[in-house]
Amino acid sequence: MKAASVGLAAPFAFAQAPKITTTQLGDNLYLLGGAGANVIVRTGAEGVVMVDGGLAQNAGALAQAVAALPNSGLVRTLFNTHWHPEQTGSNERLGMAGATIIAQENTRLWLQQNITWPWNGQKFKKLSKVAQPNKTFYDKGALDSGIRYGYISDAAHTDGDLYVYLPQQNVLAVGDAACGQGWPVVDWWTGGWIGGIVGGLQRIQSIVNKDGNRDTKIVPAVGPVLSLADITAQVDMYGTIYDRLNQMLNKGRGPSEAVEAKPAKEFEAKMGNPDEFIRRSFESLWAYLSPDA
Ligand SMILES: [Zn+2]
């Protein structure tokens, strides 16, 4: 009977498994796609370091793909770039295996409570204790291997965004503080706002420039690897949209009027329908700037 149930379970699990893609970014460094968000994996003798963990339903397939990488081994460190499920789905598995899970303190606070987004009713359950980040910070930190990380305090996407910089391969992971494909989610319920998108992108520019190497590969949570030129173009675009929305707010307009005014008109051909993004962005201005908020 046991053999039969295993025989049934395996093909089912196989059919459900996502296809995890692997792209090499540098020595011992890989970008894994298909788990729900981009995942960065640094392999080597010091143990595996991961930036983000995909969705929980893909955690098993992702773990298999990580184990199959050259010079792979035990995952010792997992970064959560923010609290969203696309980033924290491997937390339970790796937390139970004893990994250090690093997050900005605000991310840990969000993961300790149930959350409901007011605009669509989507619910997120808090994580179990073992799945919660077990090493948090406020400003910045570094690993013994030279990997540096820090807070993106502008609230680009949430109020707990972090970056991870891998100097050896010159790769900067920025989670959803930059978006590589389409319009970003503006999660103003947990702190993100349109002004923070601009501020976060400017911070990414300054991190890259400060390091003196303008060829840094910037890896967002969604979409392809970005260059500094891509980030600069995004600063211009989101800055323009931010200014227009601000002007409409000052004239007493509301979110629906903002959408109708088409403040992202010249970017639509490249970026797609902006209505949802504009509505959330305008609401985020209310959340941040209204005197009675
Ligand atoms: Zn996100």
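The values are calculated or read from the model by the stated rules, or taken from the named source; none is laboratory data. The structure displayed is predicted, hence computed values, not measured ones. Quick reminder, even Gly has a Cβ in these numbers, built from the backbone with ideal geometry, and neighbours come from all protein chains shown. For accessibility, only protein heavy atoms count, side chains too; no ligands or nucleic acids. Shrake-Rupley method; radii C 1.70, N 1.55, O 1.52, S 1.80 Å.
A few comments on the model shown:
- Candidate lysines for bridging to K125, where Cα separation is under 28 Å - those fewer than 8 sequence places away on the same chain excluded: K19, K135, K140
- Packing here is the average count of other Cβ atoms within 10 Å per residue, and on that basis the peptides 185-196, 135-146, 87-98, highest first, run 185-196, 87-98, 135-146.
- With the simple model of a label 7 Å out from the Cα in the direction of the Cβ, K135 to A269 spans 4.9 nm.
- Principal-axis tilt of helix 194-211 within the chain, Cα atoms, nearest 10 degrees: 60 degrees
- Antiparallel %, DSSP beta bridges [both residues in region 139-293], to 5: 75 percent
- Across the chain, the mean sequence separation of Cα contacts (distance under 8 Å, 6 or more residues apart), normalised by length, yields a relative contact order of 12 percent.
- Straightening the chain between Q181 and Q64 buys 39.5 nm, computed as 0.36 nm per residue apart minus the Cα-Cα spacing.
- Accessible area per residue in Å² at 1.4 Å probe, computed on the chain: 47 Å²
- Apportionment of accessible area to carbon and sulfur, region 123-210, percent (1.4 Å): 49 percent
- In the chain, the longest principal axis of the Cα atoms and the axis of helix 228-250 are about 40 degrees apart.
- With 0.36 nm allotted per residue and the present C-alpha distance subtracted, the S227-T240 stretch has 2.6 nm of extension available.
- Between the helical axis of 2-16 and the longest alpha-carbon principal axis of the chain there is an angle of about 30 degrees.
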